[in-house]
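The values are calculated or read from the model by the stated rules, or taken from the named source; none is laboratory data. Treat the numbers as computed from the prediction; the structure is a model and nothing was measured. When we count neighbours, we look across all protein chains shown, and the Cβ atoms used for this are built from the backbone with ideal geometry, even at glycine. Just so you know, the surface numbers come from the protein's heavy atoms only, side chains and all, with ligands and any DNA or RNA stripped out. Shrake-Rupley method; radii C 1.70, N 1.55, O 1.52, S 1.80 Å.
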Protein chains: 2
Amino acid sequence: MAENGLREKVLSLDSMNPWIKRLEYAVRGPVLARAVELEEELRQGVQKPFTEVIKANIGDAHAMGQRPITFLRQVSALCLYPELLSEPLFPDDAKQRARRLLAACGGQSVGAYTASPGIEIIRQDVARYIERRDGGIPANPDNIYLSTGASDAVMTMLKLLVSGEGRSRTGVMIPIPQYPLYSAGIAELNAVQVNYYLDEEHCWALDVGELRRALRQARGHCQPRVLCIINPGNPTGQVQSRKCMEDVIQFAWEEQLFLMADEVYQDNVYAEGSEFHSFKKVLFEMGPTYSSVVELVSFHSISKGFMGECGLRGGYMEVVNLDPAVQQQLSKLVSVRLCPPVPGQVLLDVVMNPPKPGEPSYQSFIREKQAVLSDLARKAQLTQEIFSQVPGIRSNPVQGAMYSFPRIQIPARAVQEAQARGFAPDMFFCLQLLEETGICVVPGSGFGQREGTYHFRMTILPHVEKLRIVLKKLSQFYAKFTQEYS
Amino acid sequence: MAENGLREKVLSLDSMNPWIKRLEYAVRGPVLARAVELEEELRQGVQKPFTEVIKANIGDAHAMGQRPITFLRQVSALCLYPELLSEPLFPDDAKQRARRLLAACGGQSVGAYTASPGIEIIRQDVARYIERRDGGIPANPDNIYLSTGASDAVMTMLKLLVSGEGRSRTGVMIPIPQYPLYSAGIAELNAVQVNYYLDEEHCWALDVGELRRALRQARGHCQPRVLCIINPGNPTGQVQSRKCMEDVIQFAWEEQLFLMADEVYQDNVYAEGSEFHSFKKVLFEMGPTYSSVVELVSFHSISKGFMGECGLRGGYMEVVNLDPAVQQQLSKLVSVRLCPPVPGQVLLDVVMNPPKPGEPSYQSFIREKQAVLSDLARKAQLTQEIFSQVPGIRSNPVQGAMYSFPRIQIPARAVQEAQARGFAPDMFFCLQLLEETGICVVPGSGFGQREGTYHFRMTILPHVEKLRIVLKKLSQFYAKFTQEYS
Ligand SMILES: Cc1ncc(COP(=O)(O)O)c(C=O)c1O
Ligand SMILES: Cc1ncc(COP(=O)(O)O)c(C=O)c1O
């Protein structure tokens, strides 16, 4: 019994899993919670200084009005309701793909469980995609595991990699700033988070000297065994140079680190001179000394790119040089959850194996895809332009991904005010911004940043005209905010 | 460096997460692996004593030829490809539902992330479903979390519940035989599995005396805090009596155990005199002494029932009496994975909120639903009838779920032979059965069974005519097998 005479809960904050308590996921944290409340208040007719909440907190293209790519949805609808195969409504290439995918499903239905790593022919299509992407370096379908979004695959790999107690706990090196799935996963699994800082002064580049520093320091209190890279970067938007990737691989090779390459933004590269290289490609081009040794997993997702199909929860990972005995364990582990969602598998297949020249849907598919990507490139540019004009805001170019992560100066009085109210200073800024403008962004503290610096992350996804307004409003608010607290 | 001069892997059997190594998931274990090989051999024209592999290892209705329910797929296809809303192909009620669901999606697209616990109106529909099911006992949408199949929700709850080290590790009581998601989840989380045995002599009833024994014994070496129940049972097919459920609740109340009720087969009840009661309903009907205290979570899935939509990975859990602070932690935890797959959410919604009398699709929906359920009932009956005629096989009636779990006598010489080859005796039986007949079933050892008893689990899902043949072949093989080893 508790002191108040009520029975204590079996499951309470005291008795629950302590590692879960520790984890944080800022992308859907307190700012979003308040944004949802504000939306409800607006709906109920409460007066606000804005008429609409704009959720620039999450990389969710469709939610921001991007239209789905027609061909992807045609194939999906055909697979879900095969009666449509006899309708003249759909182009032949969509029907052909649907027939092929259905033939690979148990009972020809997407309602059957698939093999736990995903449907075999889809894994083959993924392998062919990777080979084309990487200039012919071979990919083996057996090394490809489809997943429930990249989130699921990242967690699965982290799970395999953690072990040990005390000083021999697995250390996982992650960039700061990072996408908070990593810090949350590490917390949940009671591994040790080892921070390496990206170099804001050099466009968020990854510097091997910094990796070395972080590793050296970590070796005192844990066993660093994993190096996570996010390229193109979230929240930071940088695209790594090939040289830098080689250095990273060299480092992983020397220091015996397992490489986790989060490459979900591989199609989202906008800046001139920036180009996506997969870690696998660079690894293999460095020759067998490296390519036969370095253990690597790469993640991809249907949530980003030009398709933005977040809700379908599809993705894959490719493992390279994984110990065959461990790979058996991985296969066993994924079997417990039965299989990834089949509509997500289907959609992934079409992304991997898009319409080819000469097929009926080819032209329109390419047109839709290019329209999305060039629109994103324009918005990346626009964001950078507008922020660069605001005194006190310093923003690196958005070379890739879907976010701007500008640094903001916060006046000392605002810092004090925030601390008095129990908020991180940038959380305070974001909450104020939301209350006054309806714009929902995520504070830099949710991703990690150097002590004493402040940032926020904003997606570049709103329609270009709306984005322009959002950026203006945000800049004006920032000016007002700094003035108020100066 | 390893002794052979090769570099050691960073991630090896020695260095990987030891808890993952321990887990097993027999439903997709070695028998299935061999079945998949045999299918491939057949495809390549290798001669076998059979022409087809029959996968009776997993509760996957569509894979066994069950047709999807038309209305469910119509709404799904409309949501995936809303251009179809203007086509006369679809009935108005399907369109209306699709419009309502799309309006609740970000950007009106199923490609947007939803709220992490699922789309709000779907959670409301689930709450209304539960209220109807439970004779009006209120359900709060805020207590409902949609999930990626029930597997995901079960793992999430287990995650919250585990804590402690050594003797204070969380003990989780599970039935033996059990569905191996539970043993796998417990192993993965390094909790302590506490077995209570179902009473095979009494149709796999749950006996509170046995719960008490198991609890008492466990208290010496762990802290039992969770009691898992599967009702209707998998692999055992029993449906619990109301009286038994009251005893279980009383026990959980007395012993301060958190109740996890796996009720994914709630629509799969066939036997005369058997009826499904939800644990929540029974709890509330026992009055406030119990209903205001006992912490309960109930799981449901779109994979089973009459719809069998395994591949869409949909489901929900309802939490009752959860500490509000813990519930916040749960909400935070699910947000890391972003959201359950939206096509699964959509399909769940239609199951929860099916066509109503007077709506255009009502008649055909009911007809299709009843056809599936009465077919299953017939197959449950048939399975029981045929097995009961085979000397050496003893099978309880299949009151519910989708499986028969007969006990088989295995001759001493076969047991020796199995042990010589390094197999559990029932694994040996199942592998031999597969090689000679192409029938794939799962050994009882994968679910747990009393020492010295042997079983296998077979689904009742093949078409009735094929099921009859499978049962006959299986019985004949069993006779031959026992003779051979006598
Ligand atoms: C870097 C990165 N990795 C992984 C994910 C997970 O995405 P999903 O699970 O939708 O594939 C995201 C989502 O924003 C991301 O930004
Ligand atoms: C008792 C039980 N619980 C949970 C599940 C998980 O099913 P799903 O994840 O497909 O909802 C199953 C699947 O067979 C089951 O039998």
**Message:** Counting only other chains, and only Cβ atoms inside 10 Å, what mean value do you get across the residues of B:162-168?
**Reply:** 3
**Request:** Provide the per-residue ³J(HN,Hα) series for segment A:80-86, in order, calculated from phi with Karplus coefficients 6.51, -1.76, 1.60 and θ = phi - 60°, each as a whole number of Hz, with x at glycine and proline positions.
**Result:** 6, 9, x, 4, 5, 4, 8
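Apply the a/c threshold of 1.5 to the C-alpha gyration tensor of segment B:232-359 and tell me whether it is rounded, prolate or oblate. If you can, show how the numbers build up before the last one.
Details: a/c = 1.91, a/b = 1.14, b/c = 1.68.
Taking the square roots of the gyration eigenvalues as a ≥ b ≥ c, segment B:232-359 is oblate.
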**Complete:** Here the residues of segment B:255-288 whose accessible area is at least 40 Å² smaller with all protein chains than in the chain alone (probe 1.4 Å) are B:GLN256
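Counting only C-alpha contacts under 8 Å and six or more residues apart, can you give the relative contact order of chain B as a whole percent?
Details: 870 pairs, mean separation 102.3, N = 486.
Computed value for chain B: 21 percent relative contact order.
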**Request:** Compute the distance in nm between two label points, each set 7 Å from the Cα along the Cα-to-Cβ direction, one at B:SER364 and one at B:ARG394.
**Result:** 4.9 nm
**Request:** Using DSSP, restrict attention to beta bridges with both residues in segment B:100-352 and report what percent are antiparallel, rounded to the nearest 5.
**Result:** 35 percent
**Accessible area per residue in Å² at 1.4 Å probe, computed on chain B** = 36 Å²
**Item:** Per-copy distances of the A:SER12 label point, shortest first, in nm (7 angstrom along Cα→Cβ)
**Value:** 4.6
**Request:** Can you bin segment B:130-214 into rounded, prolate or oblate? Criterion: square roots of the alpha carbon gyration tensor eigenvalues sorted a ≥ b ≥ c, rounded for a/c under 1.5, prolate for a/b above b/c, oblate for the rest.
**Result:** oblate
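Checking the a/c ratio against 1.5 first, then a/b against b/c, what shape does the Cα gyration tensor give for chain A? Don't skip to the end; give the middle numbers.
Numbers: a/c = 1.42, a/b = 1.20, b/c = 1.18.
Taking the square roots of the gyration eigenvalues as a ≥ b ≥ c, chain A is rounded.
If you roll a 1.4 Å probe over segment B:419-484 with all protein chains in place, what percent of the accessible area is carbon or sulfur? Walk me through the numbers before you get to the answer.
Working: 1360 of 2580 Å².
Ligands and nucleic acids excluded, carbon and sulfur give 53 percent.
What share of the DSSP beta bridges in chain A is antiparallel, in percent to the nearest 5? Write down the numbers at each step before the final one.
On the way: 19 of 40 bridges.
Counting only bridges with both partners in chain A, antiparallel ones make up about 50 percent.
Arranged from highest to lowest average of other beta-carbon atoms within 10 Å per residue, in what order do the peptides B:376-382, A:321-327, B:69-75 appear? Please report the intermediate quantities before stating the final value.
On the way: B:376-382: 19.7, A:321-327: 17.6, B:69-75: 25.0.
Listed from highest to lowest mean packing, they are B:69-75, B:376-382, A:321-327.
So, by mean Cβ neighbours within 10 angstrom, what's the order for B:241-248, B:180-187 with the highest one leading? Display every interim value, and only then the final one.
Numbers: B:241-248: 17.0, B:180-187: 23.8.
Going by the mean number of other Cβ atoms within 10 Å, highest first, we get B:180-187, B:241-248.
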**Request:** Using only alpha carbon pairs under 8 Å that are at least six residues apart, calculate the relative contact order of segment A:100-352 and give it in whole percent.
**Result:** 25 percent
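Buried accessible area for the A:B pair, summed, 1.4 Å probe, in Å² rounded to 100?
On the way: alone 21490 and 21480 Å², together 35060 Å².
It comes to approximately 7900 Å² buried between A and B.
Which pairs, out of B:LYS369/B:LYS473; A:LYS332/B:LYS55; B:LYS55/B:LYS159; A:LYS95/B:LYS466, put more than 21 Å between their alpha-carbon atoms? Mind showing how you got there, number by number?
Numbers: B:LYS369/B:LYS473 30 Å; A:LYS332/B:LYS55 19 Å; B:LYS55/B:LYS159 32 Å; A:LYS95/B:LYS466 31 Å.
Going by Cα-Cα distance, B:LYS369/B:LYS473; B:LYS55/B:LYS159; A:LYS95/B:LYS466 fall outside the 21 Å limit.
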**Prompt:** Residues of A:22-31, mean number of Cβ from any other protein chain within 10 Å of their own Cβ, rounded to a whole number?
**Reply:** 3
**For B:HIS463, inter-copy label distances in nm, listed shortest first [label point 7 Å out on the Cα-Cβ vector]** = 5.2
**Copies compared at B:HIS202 - label distances in nm, ascending, label defined 7 Å from Cα in the Cβ direction** = 7.4
**Item:** Highest average packing first - B:404-412, A:250-258, B:461-469, Cβ atoms within 10 Å
**Value:** B:404-412, A:250-258, B:461-469
**Asked** On average, how many beta carbons from a partner chain sit within 10 Å of the beta carbon of a residue in B:140-152?
**Response** 2
**Item:** Cross-link partners of B:LYS243 among lysines (Cα-Cα below 26 Å; sequence separation of 8 or more within a chain)
**Value:** A:LYS9, B:LYS280, B:LYS281, B:LYS304
